[in-house]
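The structure appears below as structure tokens.
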Amino acid sequence: MKFAIIGGTGVYDVASKTRVEQVTTPYGDVEVDIQNIEGKDIIFLARHGKQHSTPPHMINFKANMWALKELGVKFVYATAAVGSCNSNFKPGDIVVFNDFLDFTKVRPITFYDGNEGVIHTSMADPYCQNLRKLFITAAKEEGVKIAGEGIYVCTEGPRFETSAEIRMFQKMGGDVVGMTNVPEVVLAKELEMCYAAVGIITNWCTGLGEELDKEEILSAVERNKAALTNLFIKIFVTNNLSQEQCHCKGALMKL
Ligand code: HPA
């Protein structure tokens, strides 16, 4: 059984890596770092590439998720930089996503294009209940403050949102906004992996505060990344994780 951490903006590697592996998939090659901790392989994947060279709309999500599956991964934690459109969540806070609103436009959205019949995947619980619960408990134990759970709005990017779009997302119940979690979370579910994602709030969304500032975005991530990756690793190492405690396995319906 293997475990993975997908690092978003500003989170490009784990503190010490043991080996680099190149995985060939039907969608392209993916490079990952693999660290063996207490007999468990923990795979680290930099979503935008280690040099942050892949913009959100160009990320090869299908190759990334297929590579993790190919490596035997069943449990994934991801980080993502997000803007906040909820006044309860401020820059620097950590938010656990509990649902999403999808405003992407032209991305590949599925592994199932009809070759295996018509497959629909349940999104009743897109982010694994069990991984979310374990993360919130571990954060309390380790004294890492979590601002709460929230609904993630995914935009296509790479542009930021307009003020009008942000007002619309607020009315729809969105809490935080980013450009990468869809289709990542969907593809994880299609491959029956348990997946949870944690947002690091880097800014107020457009129209809600100061102009976006690159240094502020990176420093919010910098302050939180070690705490988050350490928590993920602790959860993977100290728990006997099983897919019996959630609905991620078996979320596919074939019609
Ligand atoms: N909007 C979209 N994606 C983001 C933002 C934002 O305000 N901040 C960090 N990623």
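The table below lists the values:
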{"read-out": "Residue match in the stretch 32-53 (condition: within 16 Å of the ligand (Cβ to nearest atom), assigned to a strand (DSSP E or B), among the acidic types (Asp, Glu) and under 29 Å from ALA251 (Cβ atoms))", "value": "no"}
{"read-out": "Test for LEU71: is it touching a residue at least 40 places away in the same chain (Cβ under 8 Å) and under 28 Å from ASP33 (Cβ atoms)", "value": "yes"}
{"read-out": "Verdict on GLU21 being among the acidic types (Asp, Glu), in contact (Cβ under 8 Å) with a residue 40 or more places away in the chain and more than 16 Å from the ligand (Cβ to nearest atom)", "value": "yes"}
{"read-out": "Qualifying positions in the stretch 220-248 - of a type in the set (Asp, Glu) and farther than 24 Å from MET123 by Cβ", "value": "GLU222"}
{"read-out": "Leading residue by the ranking (farthest from the ligand (Cβ to nearest atom)) among those in the stretch 154-176 that are farther than 17 Å from ILE217 by Cβ and either in a loop (DSSP other than H, G, I, E, B) or under 20 Å from the mean Cα position of the chain (by Cα) (or both)", "value": "GLY173"}
{"read-out": "Hey, GLU244 farther than 16 Å from VAL73 by Cβ, within 16 Å of the ligand (Cβ to nearest atom) and without any contact (Cβ under 8 Å) to a residue 24 or more places away in the chain or not", "value": "no"}
{"read-out": "Exclusive hit being open to solvent by 40 Å² or more (accessible area, probe 1.4 Å), away from the ligand (no atom under 14 Å from the Cβ) and either out of contact with any helix residue (DSSP H, G or I) (no Cβ under 8 Å at 6 or more places or on another chain) or within 26 Å of ASP125 (Cα to Cα) (or both), set LYS214, LYS254", "value": "LYS254"}
{"read-out": "Pairs, first surrounded by fewer than 16 Cβ atoms within 10 Å (Cβ to Cβ) in the stretch 96-119, second of a type in the set (A, V, I, L, M), C-beta under 6 Å, six or more apart", "value": "TYR112/ILE119; VAL118/LEU255"}
{"read-out": "Lone unmet requirement of (1) in a loop (DSSP other than H, G, I, E, B); (2) at pLDDT 95 or above; (3) within 15 Å of the ligand (Cβ to nearest atom); (4) surrounded by 14 or more Cβ atoms within 10 Å (Cβ to Cβ) for TYR127", "value": "(3)"}
{"read-out": "Answer from SER87, SER122, SER53 - the residue that is open to solvent by 40 Å² or more (accessible area, probe 1.4 Å), modelled with pLDDT under 95 and polar (S, T, N, Q)", "value": "SER53"}
{"read-out": "Residue within the stretch 230-240 that is of a type outside the set (D, E, K, R), within 13 Å of the ligand (Cβ to nearest atom) and open to solvent by less than 10 Å² (accessible area, probe 1.4 Å) present", "value": "no"}
{"read-out": "Identity of the residue in the stretch 130-153, in contact with a helix residue (DSSP H, G or I) (Cβ under 6 Å, 6 or more places away or on another chain) and within 15 Å of the ligand (Cβ to nearest atom), that ends up nearest to THR229 (Cα to Cα)", "value": "TYR152"}
{"read-out": "Selected residue [free of Cβ contacts under 8 Å to residues at least 60 places away in the same chain and either outside any helix (DSSP H, G or I) or closer than 18 Å to LYS90 by Cβ (or both)] from GLY199, GLY207, GLY150", "value": "GLY207"}
{"read-out": "Residues of the stretch 177-198 that turn out to be open to solvent by 10 Å² or more (accessible area, probe 1.4 Å), within 16 Å of the ligand (Cβ to nearest atom) and closer than 15 Å to LEU131 by Cβ, as a count", "value": "0"}
{"read-out": "Complete set of residues in the stretch 210-233 that are of a type in the set (A, V, I, L, M), under 18 Å from ARG159 (Cβ atoms) and outside any loop (DSSP other than H, G, I, E, B)", "value": "ILE217"}
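The values are calculated or read from the model by the stated rules, or taken from the named source; none is laboratory data. This structure is a prediction, so every number in the text was calculated from the model and none was measured. Cβ atoms come from the backbone with ideal geometry, glycine included; neighbour counts cover every protein chain shown. In case anyone asks, the SASA skips ligands and DNA or RNA and just uses the protein heavy atoms, side chains included. Shrake-Rupley method; radii C 1.70, N 1.55, O 1.52, S 1.80 Å.
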